[in-house]
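Enquirer: I'd like to ask you about the structure that follows.
The values are calculated or read from the model by the stated rules, or taken from the named source; none is laboratory data. Just so we're clear, the structure is a prediction, and the values are computed from it rather than from any experiment. Glycine gets a Cβ as well: all are built from the backbone with ideal geometry, and neighbour counts include every protein chain shown.
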């Protein structure tokens with residue numbers, strides 16, 4: 001259940017002395033639109049479950065796994081009966097790992113793993129989540145450390161799965177590895193320079209491909225277009241600036257790489273289902289009501 005909801009922001013009640021929360025959820029209860037700072041992983045055990053992100057209603061069958069990235073607004077719908085694991089974990093410590101940011105970017109805003117779409121990694125992630133569930137309820141010493149090690153292993157499996165998927169470009173393993181490493185570098189470059197004047201032509205040149213070839217490969221590896229990816233990174237940057245009420249919204253827009261306030265507001269609302277001002281007000285209300293989150 002959502003225990004602390006202010007507006008649409010959920011403050012997660014982590015397990016004592018940890019930054020983890022796991023539910024063996026059997027409640028017949030729908031959860032309204034909300035967002036939170038930890039990553040959320042949901043895996044139905046019995047019966048289906050629905051995750052709604054924007055206009056997309058994602059149906060999860062038993063055994064399916066969905067990753068909901070931090071800050072993504074979503075709602076949940078439960079059928080009559082059933083059981084599912086709902087696992088939340090703060091992952092800010094992972095962001096110091098350069099490659100991790102690229103993996104998280106490839107997963108954003110949500111990633112659904114099934115036996116059909118990811119046969120090489122599904123069973124491993126499924127079993128790791130069952131192990132996390134068992135460890136969480138064990139009370140063993142170093143429980144949090146063990147769970148984070150398994151969680152990091154899950155992210156590695158997801159990241160390397162993209163390497164395997166790149167085999168459609170070229171039958172040679174060394175070329176697949178080269179493409180994947182190059183696009184991880186490009187994702188990192190965009191993450192670090194998203195507030196600058198980046199164009200498709202410029203990024204294609206940095207990658208060493210023609211614009212047409214780069215566009216095709218980028219979509220295949222990241223499952224999104226270059227400009228959608230760039231705008232998502234700019235909005236993520238803007239959200240951090242909006243946390244400071246002293247920065248005018250126009251300054252946030254220009255400081256996040258947008259050429260105008262109107263284009264910024266339009267893109268922000270498209271991604272977050274609220275305006276920048278509404279987002280800022282929700283953030284301020286949460287801070288005033290709860291104070292800084294000591295678990296972060």
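Enquirer: For the stretch 270-296: of the residues being out of contact with any helix residue (DSSP H, G or I) (no Cβ under 8 Å at 6 or more places or on another chain) and at pLDDT 75 or above, which is nearest to residue 227 (Cα to Cα)?
Expert: Only one residue tops the list, namely 270.
Enquirer: When the stretch 247-258 is examined, which residues are found to be over 20 Å from residue 199 (Cβ atoms) and either modelled with pLDDT under 85 or outside any helix (DSSP H, G or I) (or both)?
Expert: Across the stretch 247-258, the qualifying residues are 247, 248.
Enquirer: Also, quick follow-up: Between a first residue in the stretch 1-15 that is within 22 Å of residue 272 (Cα to Cα) and a second residue that is surrounded by 20 or more Cβ atoms within 10 Å (Cβ to Cβ) and at pLDDT 85 or above, which pairs have beta carbons less than 6 Å apart while being 6 or more apart in sequence or on different chains?
Expert: Final answer for the pair search is 10/36; 12/21; 12/36; 12/38; 12/88.
Enquirer: Now for a separate question. Residue 101 fails exactly one of the following numbered conditions: (1) under 22 Å from residue 271 (Cα atoms); (2) in contact with a strand residue (DSSP E or B) (Cβ under 9 Å, 6 or more places away or on another chain). What is the number of that condition?
Expert: Here residue 101 clears every test but (2).
Enquirer: Of the residues that sit in the stretch 83-106 and are under 21 Å from residue 22 (Cα atoms) and touching a helix residue (DSSP H, G or I) at 6+ places or on another chain (Cβ under 9 Å), which one is surrounded by the fewest Cβ atoms within 10 Å (Cβ to Cβ)?
Expert: 93
Enquirer: Among the residues of the stretch 259-270, are any in a helix (DSSP H, G or I), closer than 24 Å to residue 7 by Cα and more than 23 Å from the chain's Cα centre (by Cα)?
Expert: There is no residue in the stretch 259-270 that is in a helix (DSSP H, G or I), closer than 24 Å to residue 7 by Cα and more than 23 Å from the chain's Cα centre (by Cα).
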